[in-house]
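Notes to accompany the following structure.
The values are calculated or read from the model by the stated rules, or taken from the named source; none is laboratory data. Bear in mind the structure is a predicted one, so any value in this text is a computation, not a measurement. Don't worry about glycine lacking a Cβ; one is built from the backbone with ideal geometry, like all the others, and counts go over all protein chains shown.
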Amino acid sequence: MARRIPPLNSLKAFEAAARYLSFTKASEELFVTQAAVSHQIKTLEDFLGVKLFKRRNRNLLLTEEGQSYFYDIKDVFASLSDATDKVLERGAKGSITVSLQPSFAIQWLVPKLAKFNDLEPDIDVRIKAVDANDGSLTDDVDVAIYYGKGKWNDLRVDKLYQEYLIPVCSPMLLNSEKPIKSVFDLNNQTLLHDTSRKSWKNFFKENNIDSTRYNQGPIFSHSSMVLQAAVYGQGIALANNILAKPELETKRLVVPFSEKLMSKNSYYLVSSEKNADFGKISAFRKWILEEAMIDNQQM
């Protein structure tokens, strides 16, 4: 004997509306119009042959039949949700695409990926380098690392680091013909820039250095190029504290003085709100947030 089961969309609409006692909130959760929710509930009422809702003083209430039906099906939906979560977690195998700027990939993520591979050997990470983020995730991207102020709508956003900028140079420059003892010695040095050229200007202003030389020096399209130029003794770079960490730890770069520049921007981990807690995406997010926490504790 075939089971008599009403349309799933009608059940979903009823369960959400009964839980909120609101067609409007149910429509927002289901990403449909209020009229669509009303239509689905009417379909369910016709199928069952009873009224499920009533109105009293403009308030939406469940009828006696509606209360009984909601009590019986709500656990079914909870079980269905739990079962789906388990399948998604088991379905973590496969690949995950991560979108981020090239410099952050080269300096931070790529050196750490072996840890993730050991932890999750069934998940292959695909790196997609992009020069900028527009606040939206394309269908081919599961997770992204954005650089900015953290204001992106409809995304799960987690701050990885508070960025600040520090001067860095090759050790060979410290005792060169033009030694570096303080920030005022910057007037005698070659300054290395990324394409914005704003960082050195702000650094000079913050430290009361009266000079227009902040606008002079070679320009590179990516921060990793600026760092490599500094490693080879071509000048002083104003570097992101995170991106410069590998070179500072190996002493290929040094910090000639303590002055730094706090940034209004930072790096953020972003993903679709609806997918952030499932399967391979959840596994990657958990790992990368733990790595960032470890780095923050060491700073």
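All told, Y161 meets the bar of being of a type outside the set (V, I, T) and either under 21 Å from A105 (Cα atoms) or in contact with a Gly (Cβ under 8 Å, 6 or more places away or on another chain) (or both).
For first residues located in region 203-217 and assigned by TED's automatic domain parsing to the domain that holds L186, partners that are β-branched (V, I, T) and part of a helix (DSSP H, G or I) and lie 6+ apart or on another chain with Cβ distances below 8 Å form the pairs N207/V183; I209/V183. Within region 134-165, the set of residues being among the β-branched types (V, I, T) and in contact with a helix residue (DSSP H, G or I) (Cβ under 9 Å, 6 or more places away or on another chain) comprises V143, I145.
All of (1) at negative phi; (2) of a type outside the set (V, I, T); (3) touching a Gly at 6+ places or on another chain (Cβ under 9 Å) hold for G235 with one exception: (1). Applying the selection to region 207-239, what residues are loosely packed, with under 15 Cβ neighbours inside 10 Å and part of a loop (DSSP other than H, G, I, E, B)? Result: N208, D210, S211, T212, Q216, P218, S221, Y232, G233.
Collect the residues in region 142-200 that are assigned to a helix (DSSP H, G or I) and within 21 Å of K245 (Cβ to Cβ), keeping them in residue-number order.
Pass one, region 142-200, residues assigned to a helix (DSSP H, G or I): 171-174, 183-188, 198-200.
Result: P171, M172, L173, L174, S199, W200.
It is to be established whether one or more residues within region 37-59 are part of a helix (DSSP H, G or I) and closer than 30 Å to S282 by Cβ. Give the steps one after another, and end with the answer.
Filtering region 37-59 down to residues part of a helix (DSSP H, G or I) leaves 37-48.
Now drop any that are not closer than 30 Å to S282 by Cβ, which leaves 37.
For region 37-59, residues part of a helix (DSSP H, G or I) and closer than 30 Å to S282 by Cβ: present.
Among the candidates Y146, Y164, single out the residue that is among the hydroxyl-bearing types (S, T, Y), closer than 30 Å to L238 by Cβ and under 15 Å from the mean Cα position of the chain (by Cα). Just one listed residue meets the conditions, Y146.
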